[in-house]
Amino acid sequence: MPPLARTAAAIAAAACMLSAVTGFVVPSAGSCGPSADVAKTRRILGTAPSRTTVAQQHHHSIVMAAAPVVKRVAIVGAGVGGLTLANALCTGSTAVDEVKVFEKFDSVKPGIGGGVQINSGAVILARLGLGDAVKAGGNQVERILSRTVGGRVTLDLDVKKMVQSNPKRRSVMVDNGTPMLFTIMRDRLMQILAGGLPSGVVSTSREVTSVEESPSGAKLRFADGSTEGPFDLVVGADGIKGAARKAVRAGPGGGSGGDNDDAIYSGIRVQYGVAPAGQRPEGSERELHQWFGGDTYGLSATYQGIGDKKFEMVAALYQDRDRKEENAVWDQVEAKGACLRRLDERRFPREMRALAEASDRFYELGVYYRNPLEGWVSRGEGQVVLLGDAAHAMPPNLGQGANQAIQDAYCLARRLADLNSGAAFEGSLIAALRDYERARKPDTSLVLAKSAFVGAVETLGGAAGGGALGEAFRDNFFFGMWKAGVAEQIFMDGAMPKV
C-alpha cells in the first residue's frame, strides 16, 4: 500500500471508531453521572443525582441497603488509576470495608519513567482532597506552542487564558485561583497518590498471574504460588497486558484467559529522554513546545518531580510500520543515539538536540492501543472489571492516558457507593459495573480515536508518510485547526472532566 494510502487508512480507521461509538448511550451529555436507569432508581428512592465528590454525595439522606454488596476490593496494579481508585474508596463514604492494592514491583521507584500531563485528572484529584498536593507537586502549564523546524508557527494556545476567560471552564477547572493544568513526573504523581492512603493498603512485590472467579468471590493467584481472596470485586489496573484483563477475556471460570498479546500496534514509535532542568530556553518552563520536522513530531517540556526538582523531557514520534520486539533491558545508549541521529537528520532546533544530549535516561517504545469496543467486565461471575490502560490503552498524542484512568477510578467509586448505599442497582454488582462501563466507554473511545488520528497526521512526511506532500498537508492542517478554533476545543474537551 502506498504511504499516503496507509495514512488515509489510519485516518479512516479513526473516523470509523468515532462513528462506531455513537451506538452507546451517553449519560447526562457525556458526564459520568448516572444513566437513565440509575436516575430512575434514585427518583424512586427520593434521592437526587449528584455531581459532588464521592465523600460529599453521601452526606445526603440516602436509603441504605440491608448490607453493603461490596465489602472487599482488590486492585491489581499500583499505577495512576489503581491508586486513584484506592484513594476514592478509602476516603469516600463507599461502605467498602477493605481495599488492597497489589503491585508487582518492589516499590514506586524514583527516577524511573517520564512525565505526564494532568488536567481533567487534576480536577478529579482535587475532589478527592489531593488538590493542594497536586498544585504543590506539579508544574503549571500556561501555553502550547507548535512550530515547524523552519520556524513557521502552526499553533499557539494560551491555555491559562482559555480557562480563565470562559465561565464554565473557570467554574470547573480553577481550584482556589489556580487553573488545574500541570505537567508532573510520573514518580511524583505516584508519591502523591500513595501518600494519601492508609498504611498497609499497598502491597509490593506481589505479581498477580491470574484471577479466578467463583460464586463465593474472586481469588488472586501470585507468581510465588500464593493466593488471596475471596474478594467481592477485583479491579484490573495493571496495564495493557495485565492478568486481570486475561480474566475478563476468559469468560466463565476466570483463569488465564489465553493469549493476552492482542494489543493493536499503531505504526508509531516514540523515543524519549529525561534530563535535569536547564536545557530549554529561558522562560519556557510553563510552555509545551511541539516541533514538526520531516516525518517526526517532537516535544520538549518541563515537569516537576520528587523533592520539587524540575526535569525536562524530549520526545520524538515517527512512523515505523514494522512491529519490533520491545527493548526489555532499556538499552539507553542505543535509544539515545538513534534519537540524536533522527533530530540531526531532520534539522530539529538546538532546544531539542541539547535536551536529548543532556538526558540521563532514554527509552524507545512502540505505541499500542486497545480496541475500544471490547468489554471491561468479566463474563463469568461479573467480579472483575478494568480501568485505565487495561480497559482502553490509547496513543499518547493528546496526553490523556493518566487523565482518563483517574476519571475511570472516580466514576467506578461512585457506582460502588451507589450500590452499597442502596441508591441504585438493586443490589446487583454486575448492573453497577455495566453502568460504569456505559458511562465511561463513549468518552474514552472518542479520546482514543482522536489520539490515533492526531498521531497519524503528526507523523506525516518522509518515505512512510507521503514525503513533502504529507509534510505540507500536516503543517497546513494544524495551522487551519488552530485558526478555526478546533485545536482549542479538542484540548479543552480533554481537559474538562466528564465525571
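Values in this text are rule-based calculations from the coordinates and carry no lab data. Remember, predicted model here, so these are calculated numbers, not experimental data. In this analysis, Cβ positions are derived from the backbone assuming ideal geometry, glycine residues included, and neighbour counts consider all displayed protein chains.
Summary of computed values
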quantity	calculated
Distance histogram in 5 Å bins (all Cα pairs of segment 365-442, percent per bin)	3, 16, 25, 23, 16, 10, 5, 2, 1, 0
Interchain or long-range residues, amide H under 5 Å from A393's placed H	R370
Ranked R379, R323, R280, criterion: other C-beta atoms within 10 Å, fewest first	R323, R379, R280
Size of electric dipole in segment 397-499: Cβ of Lys, Arg +1 and of Asp, Glu -1, about Cα centre, debye, nearest 20	140
Selection from Y436, V384, G467, by position along the positive dipole direction of segment 325-474 (Cβ)	G467
Cross-link pairs beyond the 29 Å C-alpha cut-off, checked among K168/K450; K160/K310; K241/K309; K309/K336; K219/K450; K441/K483	K241/K309; K219/K450; K441/K483
Dipole in debye (nearest 20) - segment 274-323, about Cα centre, beta carbon charges: Lys, Arg +1; Asp, Glu -1	120
Segment 419-499 pair-distance distribution - Cα-Cα, 10 Å bins, rounded %	15, 30, 23, 15, 10, 6, 0
Segment 85-221: proportion of alpha-carbon pairs further apart than 20 angstrom, %	61
Rel. contact order, % - alpha carbon contacts under 8 angstrom, at least six apart, segment 118-243	20
Net charge dipole size for segment 185-246 [Lys, Arg +1 and Asp, Glu -1 on Cβ; Debye, nearest 20]	240
Distance from segment 150-221 to segment 257-316 (C-alpha centre basis), Å	17
Dipole of segment 110-229 [Lys/Arg +1, Asp/Glu -1 at C-beta], most positive-end residue of A136, N176, S165	S165
Packing-based exposure ordering (other Cβ within 10 Å, fewest first) of C90, C339	C90, C339
